[in-house]
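Reading through the structure tokens given below for one structure.
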Amino acid sequence: MGDFNCKEVHWDDMTTEGNDDSWGYTLLELTKENTMTQWIQENTRFRNSEEPSRLDLLFTMEPEIVDSVEYKTPLAKSDHVLTNKSDLQGSD
């Protein structure tokens, strides 16, 4: 989980605007090659007049480990929403 600062990946359809040498392409290929699930489904960064973006990402290799992800109001003057994940019962 973290701020990957990668606006060019479209996680909804697993595509990227970047070419083979871009960070977006590399991140998307790593996700596919390692059969990872990316859980963040909403934009997580809102700054002034910039277009909102999904920069904060959460990856797991176990597709059924996360029960839900909550999005909460940013703290203080942060431009990133808080995310909180809930694991399924019985998950370590």
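Contact map, region 49-63: residues that are closer than 13 Å to HIS80 by Cβ and free of Cβ contacts under 8 Å to residues at least 40 places away in the same chain paired with residues that are among the charged types (D, E, K, R) and surrounded by 17 or more Cβ atoms within 10 Å (Cβ to Cβ), Cβ distance under 7 Å, separation 6+ or inter-chain. Pairs shown: PRO52/ARG45.
Residues of region 1-45 that are touching a Phe, Trp or Tyr at 6+ places or on another chain (Cβ under 6 Å), more than 19 Å from LEU82 (Cβ to Cβ) and touching a residue at least 12 places away in the same chain (Cβ under 8 Å): CYS6, THR16, MET36.
Results for (1) part of a strand (DSSP E or B); (2) more than 12 Å from ASP56 (Cα to Cα); (3) in contact with a helix residue (DSSP H, G or I) (Cβ under 6 Å, 6 or more places away or on another chain); (4) of a type outside the set (A, V, I, L, M, F, W, C), shown as yes or no for each residue.
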| residue | (1), (2), (3), (4) |
| --- | --- |
| LYS7 | no, no, no, yes |
| ASP13 | no, yes, no, yes |
| GLY18 | no, yes, yes, yes |
| ASP21 | no, yes, no, yes |
| THR26 | no, yes, no, yes |
| GLU29 | no, yes, no, yes |
| LYS32 | no, yes, no, yes |
| THR35 | no, yes, no, yes |
| ILE40 | no, no, no, no |
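Among what's in region 27-61 and is among the β-branched types (Val, Ile, Thr) and surrounded by 15 or more Cβ atoms within 10 Å (Cβ to Cβ), pick the residue that is modelled with the lowest pLDDT. It comes out as THR44. No other residue among LEU57, LEU30, LEU88 is in contact with a Cys (Cβ under 9 Å, 6 or more places away or on another chain) and aliphatic (A, V, I, L, M) apart from LEU57.
The values are calculated or read from the model by the stated rules, or taken from the named source; none is laboratory data. The model shown is predicted, which means the values in this text are computed figures rather than measured ones. Quick reminder, even Gly has a Cβ in these numbers, built from the backbone with ideal geometry, and neighbours come from all protein chains shown.
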